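Chemist: Mind having a look at this structure? Questions to follow.
The values are calculated or read from the model by the stated rules, or taken from the named source; none is laboratory data. In this text, all values refer to a predicted model and were calculated from it rather than measured experimentally. Every residue, glycine as well, gets a Cβ built from its backbone with ideal geometry; the counts of neighbours run over all protein chains shown. The area values use the complete protein model at the heavy-atom level, side chains included, leaving out ligands, DNA and RNA. Shrake-Rupley method; radii C 1.70, N 1.55, O 1.52, S 1.80 Å.
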Amino acid sequence: LYDSAHSLDGRSGWETPVFSMNPHPMVTEAWEALRRSQVYFRGQPVGTIAAYDHASEEVLNYDQVFVRDFVPSALAFLMNGEPEIVKNFLLKTLHIQGQDKRIDRFKLGDGAMPASFKVLHNPIKKTDTIIADFGESAIGRVAPVDSGFWWIILLRAYTKSTGDHSLAERPECQKGMKLILSLCLSEGFDTFPTLLCADGCSMIDRRMGVYGYPIEIQALFFMALRSALSMLKQDTEGKEFMDKIVKRLHAMSFHMRSYFWLDFQQLNDIYRYKTEEYSHTAVNKFNVIPDSIPDWLLDFMPLRGGYFVGNVSPAHMDFRWFALGNCIAVLASLATQEQSMAIMDLIEARWEELVGEMPLKICYPAMESHEWRIVTGSDPKNIRWSYHNGGSWPVLLWLLTAASIKTGRPQIARRAIDLAEARLLKDGWPEYYDGKSGRFIGKQARKFQTWSIAGYLVAKMMMDDPTHVGMISMEEEKHMKPVLNRSSSWT
């Protein structure tokens with residue numbers, strides 16, 4: 001629907017003022033805060049810092065430009081007809097990708113994108129230097145798998161928004177995409193089309209028990225593959241990549257829709273699973289033990305609604321609900337139309353648990369006591385209903401809004417935006433909220449968190465002009481639709 005409405009030629013929202021109605025007073029404040037967060041390299045804007053919190057004693061790495069954090073900022077600038085900063089960011093991170101990446105004498109893959117970078121200004125020599133972090137400075141020393149995916153997704157959003165294909169067609173952009181894809185599409189011993197990942201390699205950048213095949217990475221991987229498919233040049237090397245991508249997408253859509261999907265019917269089937277099944281006739285292919293179904297889930301699952309579970313691997317099903325992975329699954333059409341509707345049904349049916357007083361829970365439910373100690377390594381920042389462990393993140397508002405518009409359910413987004421507008425500005429744009437219903441400003445949350453600000457602006461602009469969703473949304477491709485077995489005589 002939105003792909004056709006938001007064609008590559010159309011510069012949606014450019015000819016008309018972005019906020020034709022009287023904007024909410026928060027919108028003006030948000031734009032001022034977003035502009036304050038801009039980072040310049042040799043006089044050119046190249047990104048936005050993670051947080052502008054001067055009250056916090058320790059800066060850590062919140063004064064850097066994060067690839068993942070910049071995405072909502074980039075979308076806000078694109079929707080406002082300011083593509084220059086996005087183009088500069090894409091080219092600058094591409095240049096950083098080409099650097100020699102070593103962590104403790106070990107060389108990272110060529111395709112790895114930085115987690116973040118910092119611009120150092122030398123006022124005496126009048127020089128600017130960029131220092132990048134590929135994970136060697138990160139808490140936990142994990143390289144981000146999602147950075148490369150977000151980069152490809154953002155390149156497509158830039159192309160869709162501006163109608164300018166020349167950036168994606170540049171040799172360095174084509175090479176950058178191929179390097180990222182080479183890392184992910186390489187053949188190995190894996191029997192699944194999903195991507196094996198360590199803990200801490202995505203938005204949840206600490207140990208949270210998502211080792212294996214986390215839904216967030218699978219959904220972003222799927223969306224990045226589809227984005228690359230639309231931008232790769234049809235030369236010999238490009239066609240080879242496209243062939244690999246199409247095969248992988250086909251296998252992934254089957255795998256994810258079959259094994260990661262959970263609704264009432266599927267839950268009831270798992271509840272009755274037999275174990276230790278062998279051969280191709282096995283129904284319980286991953287040998288999931290029915291007793292591993294957590295008690296909370298039996299009450300949580302509504303009769304109407306469903307979601308992609310957090311993780312699936314041998315004898316392991318992480319039944320937690322994760323916001324980002326499910327919203328991206330809707331936007332990338334990893335979910336079928338029926339599944340997309342069911343994801344939105346679940347959010348409506350479990351509004352108090354998943355949205356509460358501040359959109360949106362990063363995951364549900366939180367881990368507590370013994371489980372928290374074992375799974376997180378007693379992480380004091382990820383205590384129950386805080387930070388990544390069931391905390392509420394305002395940045396997720398833009399993803400919820402985009403998914404709501406794509407599925408024709410804008411009332412869900414409107415309700416969530418109303419909640420955010422009641423508190424976000426007053427509370428100083430926190431990074432996250434704590435508590436079972438997201439009532440408290442996060443224990444260690446930064447104020448003036450840039451992606452909280454940008455996420456709100458993007459949500460508002462999408463509601464004002466729904467064609468903007470076309471930048472990030474994708475319709476289901478024919479080659480990924482389930483094959484219907486029909487007799488050969490049927491035409």
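Chemist: Being polar (S, T, N, Q) and open to solvent by less than 30 Å² (accessible area, probe 1.4 Å) is the filter here, so list the residues in segment 200-244 that pass it.
Modeler: The answer is Ser202, Gln218, Ser227.
Chemist: Further question: If you take the residues of segment 17-66 that are in contact with a strand residue (DSSP E or B) (Cβ under 8 Å, 6 or more places away or on another chain) and among the polar types (S, T, N, Q), which of them is farthest from Lys126 (Cα to Cα)?
Modeler: Asn61
Chemist: Moving to a separate point now. Checking Ala342 against (1) small (Gly, Ala, Ser); (2) in contact with a strand residue (DSSP E or B) (Cβ under 8 Å, 6 or more places away or on another chain); (3) surrounded by fewer than 17 Cβ atoms within 10 Å (Cβ to Cβ): exactly one of these is not met. Which one?
Modeler: Unmet condition: (3).
Chemist: Still on this structure, I have one more. For segment 41-59, give me the residue count where each residue is buried (at least 21 other Cβ atoms within 10 Å of the Cβ), of a type in the set (A, V, I, L, M) and closer than 17 Å to Ile453 by Cβ.
Modeler: Total satisfying the criteria: 3.
Matching residues to (1) closer than 23 Å to Pro380 by Cα; (2) in contact (Cβ under 8 Å) with a residue 24 or more places away in the chain; (3) small (Gly, Ala, Ser):
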residue: Ala416; (1), (2), (3): no, yes, yes
residue: Tyr432; (1), (2), (3): yes, yes, no
residue: Gly435; (1), (2), (3): yes, yes, yes
residue: Thr450; (1), (2), (3): no, yes, no
residue: Ile453; (1), (2), (3): no, yes, no
residue: Met461; (1), (2), (3): no, yes, no
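Chemist: Within segment 125-135, how many residues are at positive phi and either among the charged types (D, E, K, R) or loosely packed, with under 14 Cβ neighbours inside 10 Å (or both)?
Modeler: 1
Chemist: Ok, one more. Would you check if Val18 is at pLDDT 95 or above and either within 27 Å of Pro430 (Cα to Cα) or open to solvent by 30 Å² or more (accessible area, probe 1.4 Å) (or both)?
Modeler: Here the answer is no, as Val18 does not meet what is asked.
Chemist: Filter segment 60-76 for residues that are of a type in the set (A, V, I, L, M, F, W, C) and surrounded by fewer than 23 Cβ atoms within 10 Å (Cβ to Cβ) and give the result.
Modeler: Result: Leu60, single match.
Chemist: Within segment 347-396, count every residue that is within 11 Å of Arg207 (Cα to Cα) and β-branched (Val, Ile, Thr).
Modeler: Residues meeting the conditions: 3.
Chemist: Pick from segment 90-124 the residues that are open to solvent by 20 Å² or more (accessible area, probe 1.4 Å) and among the polar types (S, T, N, Q): which of them is farthest from Met203 (Cα to Cα)?
Modeler: By that ranking, first place goes to Asn122.
Chemist: Regarding segment 267-282, can at least one residue be identified that is under 27 Å from Ala403 (Cα atoms), open to solvent by less than 20 Å² (accessible area, probe 1.4 Å) and in contact (Cβ under 8 Å) with a residue 40 or more places away in the chain?
Modeler: no
Chemist: Something else about it: Return the total of residues in segment 266-283 being more than 25 Å from Glu216 (Cβ to Cβ) and either touching a Cys at 6+ places or on another chain (Cβ under 8 Å) or among the polar types (S, T, N, Q) (or both).
Modeler: Within segment 266-283, residues that are more than 25 Å from Glu216 (Cβ to Cβ) and either touching a Cys at 6+ places or on another chain (Cβ under 8 Å) or among the polar types (S, T, N, Q) (or both) number 4.
Chemist: I'd like the full set of residues that are hydroxyl-bearing (Ser, Thr, Tyr) and at positive phi, limited to segment 354-385.
Modeler: Ser369, Ser378
Chemist: Kindly check whether there is at least one residue in segment 372-393 that is within 22 Å of Ser473 (Cβ to Cβ) and open to solvent by less than 10 Å² (accessible area, probe 1.4 Å).
Modeler: Yes, segment 372-393 contains a residue that is within 22 Å of Ser473 (Cβ to Cβ) and open to solvent by less than 10 Å² (accessible area, probe 1.4 Å).
Chemist: Right, next: Specify the residue that is most open to solvent (accessible area, probe 1.4 Å); the eligible residues are those in segment 461-491 that are hydrophobic (A, V, I, L, M, F, W, C) and modelled with pLDDT under 95.
Modeler: Filtering first and then ranking leaves Trp490.
Chemist: So, one more: Farther than 30 Å from Gly163 by Cα and assigned to a loop (DSSP other than H, G, I, E, B) - does that describe any residue in segment 219-240?
Modeler: no
Chemist: Also: Taking segment 441-460, which residues are surrounded by 23 or more Cβ atoms within 10 Å (Cβ to Cβ) and outside any loop (DSSP other than H, G, I, E, B)?
Modeler: Gln449, Thr450, Trp451, Ser452, Ile453, Ala454, Gly455, Tyr456, Leu457, Val458, Ala459, Lys460
Chemist: If I ask for residues that are more than 20 Å from Ala51 (Cα to Cα), open to solvent by less than 20 Å² (accessible area, probe 1.4 Å) and in a loop (DSSP other than H, G, I, E, B), which ones from segment 407-437 would you list?
Modeler: Thr407, Gly435
Chemist: Inside segment 249-264, can you point out the residues that are out of contact with any Pro (no Cβ under 6 Å at 6 or more places or on another chain) and part of a helix (DSSP H, G or I)?
Modeler: Leu249, His250, Ser253, Phe254, Met256, Arg257, Ser258, Tyr259, Phe260, Phe264
Chemist: OK, next. Search segment 345-363 for residues that are surrounded by fewer than 19 Cβ atoms within 10 Å (Cβ to Cβ) and pair each with any residue that is modelled with pLDDT of 95 or more and β-branched (Val, Ile, Thr) when their beta-carbon atoms are under 8 Å apart and the residues are at least 6 apart or on different chains.
Modeler: Glu348/Ile412
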